[in-house]
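Heads up: the structure comes next, in structure tokens.
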Amino acid sequence: MPNQHLSQELASFASKLQAKDIPASVMNRAEDFLVDWFGSAVAGKGSRPVEIIAQFAQNMGGFEAHPGPSEILVTRKSSSPFLAAMANAAASHVAEQDDVHNGSVFHPATVVFPPALACAQAIGASGEDLLVAAVAGYEVGIRVGEFLGRSHYKVFHTTGTAGPIAAAATVGRLLNLNPNQMLHAFGSAGTQSAGLWEFLRDAADSKQLHTAHAASTGLMSAYIAQAGFTGAQHILEGKQGLAAGMSSDADPSKLVDQLGTRWALAETSFKYHASCRHTHPAADALLQVMLAHKLKPGDIARVETLVHQGAIDVLGPVINPSTVHQSKFSMGTVLAIIAHYQFAGLQEFDQHFQDDAICLFRDRVTMTLDSEVDTAYPQRWIGKVKVHLNNGQILDGRVDEPKGDPGNTLSRTEITDKAMRLAAFSGGATPAQMTSAIDFLWNIRKQSKIGLLLPQS
């Protein structure tokens with residue numbers, strides 16, 4: 001494809017996408033991910049990093065005197081689209097319950113729906129407009145993540161780096177950017193791509209900054225492109241573009257892979273456990289073994305997880321987690337919570353991650369690189385464990401599709417229940433407020449205009 005202008009082709013797709021182009025099943029799935037995202041965003045209420053970013057947005061916006069059109073969910077205030085997208089994107093990533101696309105190792109919702117909601121509320125867009133824009137953001141962001149490859153993810157948090165471009169595609173579609181303007185928006189978004197994994201070693205707050213920055217700068221890139229601001233036209237595949245600086249195995253063909261026929265949004269997974277997705281396959285495999293053999297945690301001498309290299313790269317630095325958020329990146333902690341409670345939810349992490357029993361089990365969990373698992377990754381996230389019992393017996397567990405994957409997905413009832421649990425845990429909204437907002441979101445395509453989802457304070 002030497003004569004193709006891949007960035008332009010992707011930008012044109014995002015610019016021209018219409019509701020009639022999108023299969024009904026994909027639009028339905030977009031609604032599912034919208035409701036799922038909303039629960040995660042409300043769950044950010046009370047999180048120290050989120051509250052800091054939300055307070056920053058409040059201080060910078062001056063919206064006590066001049067409230068903007070876009071809502072910040074965790075504060076019940078209104079602000080500018082830029083600052084609302086920033087705060088809501090930070091909020092929706094902290095509970096580690098937002099969605100993930102396996103092949104790109106990218107969390108689309110947290111960088112797509114915050115700018116989509118902020119812009120839609122600002123311009124009076126319809127519910128259908130918002131969903132179409134979200135589909136554009138998913139399709140673009142996922143393909144950019146796939147394009148950047150496994151070498152990129154070893155150092156860079158793909159949600160932070162592909163995220164600005166996904167956000168730009170989303171907002172650009174809402175603003176009706178033409179293909180050339182959308183290309184310039186991509187250029188501005190791509191030059192601001194950032195996000196490094198080093199924060200995990202220090203239990204730092206950077207992960208929330210990654211999504212906040214991606215959502216807000218992507219939104220900004222679309223708005224300034226509308227006003228005539230230009231960006232690099234080959235920001236993705238150019239000689240000094242994103243791949244040149246951030247990848248050694250980039251595959252340009254991934255950028256336009258079956259555009260308009262393969263819907264990457266439909267391949268995206270829900271997160272069932274409130275932890276890093278790299279822990280989920282092993283967690284489900286361990287639970288399978290324990291339930292099948294009626295095991296108790298005390299029966300287990302040690303657990304060997306057979307994993308892909310990406311899991312080792314991301315989870316390996318977390319040896320002795322010192323915060324709740326860091327514990328969600330500890331394979332041992334996650335499996336210990338699964339062993340004791342059969343579910344790794346927000347409450348389980350918050351109340352028990354430093355319990356003596358959890359720490360004792362944590363230290364008996366190891367990760368081993370497995371060739372089958374590693375070869376299948378990232379298209380498939382296989383869970384394999386060897387459970388060594390105190391009596392010397394070794395039990396093997398295997399899960400080919402973790403809970404939440406497209407082949408083992410969540411029903412709409414499960415999505416609603418999950419959102420309600422997240423809000424109840426954080427105190428971000430009352431059951432009545434959540435029920436009203438979720439009902440609105442399930443019927444979003446009937447809405448001619450997107451107003452506020454939660455009552456203002």
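Structure notes:
- Annotation: for a label point projected 7 angstrom from Cα along Cα→Cβ of Arg48, residues of region 185-204 with backbone N closer than 17 Å are 199-204.
- Annotation: amide H-H contacts under 5 Å for Ala344 (H modelled 1.01 Å from N, sequence separation of 5 or more, or interchain): Ala274.
- Two-decimal ratio, region 80-215, of alpha-carbon radius of gyration to 2.2 N^0.38 Å: 0.97
- Candidate residues Phe13, Phe440: accessible-area rank, largest first, probe 1.4 Å: Phe440, Phe13
- Pair Asn320, Gln18: separation of 7 Å Cα→Cβ label points (nm): 6.2
- Extension gain for Gln379-Gln354 works out to 5.7 nm (0.36 nm per residue, less the C-alpha to C-alpha distance).
- Applying 1/(1 + (r/R0)^6) with R0 = 35 Å to the Cβ-Cβ distance of Ser25 and Arg201 gives a FRET efficiency near 0.25.
- Accessible surface ranking that places the most exposed of Trp381, Trp197 first, with a 1.4 angstrom probe: Trp197, Trp381
- Computed with a 1.4 Å probe over protein heavy atoms only, the accessible surface of the chain comes to 36 Å² per residue.
- Phe56 accessible area, 1.4 Å probe, all protein chains in place, Å² to nearest 10: 90
- Reported value for region 43-143: 92 Å³ per residue, from the convex hull of its C-alpha atoms.
- Here is what passes the span test in the chain: the DSSP H helices with alpha carbon length of 27 Å or more along the helix axis and a Kyte-Doolittle mean of -1.0 or above are 24-43, 127-155, 206-226.
- Surface accessible to a 1.4 Å probe, Lys77 within the full protein complex, Å²: 50
- Accessible surface of His213 - all protein chains present, 1.4 Å probe, nearest 10 Å²: 60
- Taking only protein heavy atoms and a 1.4 Å probe, the accessible area of the chain is 52% carbon and sulfur.
- Shape of region 1-87 from the C-alpha gyration tensor: prolate (a/c of 1.5 or more and a/b above b/c, with a ≥ b ≥ c the square roots of its eigenvalues).
- Charged-residue dipole, Cβ positions (Lys, Arg, Asp, Glu), the chain about Cα centre, Debye nearest 20: 380
- Stokes-Einstein diffusion for region 266-335 at 25 °C, viscosity 0.890 mPa s, with a Kirkwood radius from C-alpha pairs, works out to 186 µm²/s.
- Global form of region 337-454, assessed from the alpha-carbon gyration tensor, a/c cut-off 1.5: oblate
- Filtered chymotrypsin sites (Phe, Trp or Tyr not before Pro), region 342-372: DSSP coil and at most 16 other beta carbons within 10 Å: Phe343
- With the charge dipole of region 31-85 set up from +1 on Lys and Arg Cβ and -1 on Asp and Glu Cβ about the Cα centre, the Cα lying farthest toward the positive end among the listed residues Gln55, Gly39, Val74 is that of Gln55.
- In this rough spin-label picture, where each label sits 7 Å from Cα along the Cβ direction, the Gln393-Val155 distance is 4.8 nm.
- Net dipole in debye of region 332-448 [+1 Lys, Arg Cβ; -1 Asp, Glu Cβ; about Cα centre; nearest 20]: 380
- Kirkwood hydrodynamic radius of region 188-254, from the reciprocal of the average inverse Cα-Cα distance over all distinct pairs: 13.6 Å.
- From phi via Karplus (6.51, -1.76, 1.60), per-residue ³J(HN,Hα) for region 379-391 in Hz, x at Gly/Pro: 4, 10, 10, 7, x, 9, 9, 10, 9, 8, 8, 5, 7
- The sum of -39500 (n - 2.57) across all DSSP H runs of n ≥ 4, divided by the residue count of the chain, sets its helix-only mean residue ellipticity at 222 nm to -16000 deg cm²/dmol.
- Within the chain, longest stretch clear of exposed GluC sites (Glu not before Pro) (DSSP loop, no more than 14 other Cβ within 10 Å): 199-457
- Within region 119-159, all pairs of alpha-carbon atoms sorted by distance into 10 Å bins from zero give the percentages 27, 34, 24, 15, 0.
- Cα→Cβ-extended label distance, 7 Å offset, between Leu291 and Ala432, nm: 3.7
- Evaluated over the Cα positions of region 157-196, the convex hull gives a direction-averaged projected area, one quarter of its surface, of 2.4 nm².
The values are calculated or read from the model by the stated rules, or taken from the named source; none is laboratory data. Keep in mind it's a predicted model, so treat the numbers as computed, not measured. Cβ sites come from the backbone with ideal geometry, for glycine too, and all protein chains shown count toward neighbours. All accessible areas refer to the heavy atoms of the entire protein, side chains included, with ligands and DNA or RNA removed. Shrake-Rupley method; radii C 1.70, N 1.55, O 1.52, S 1.80 Å.
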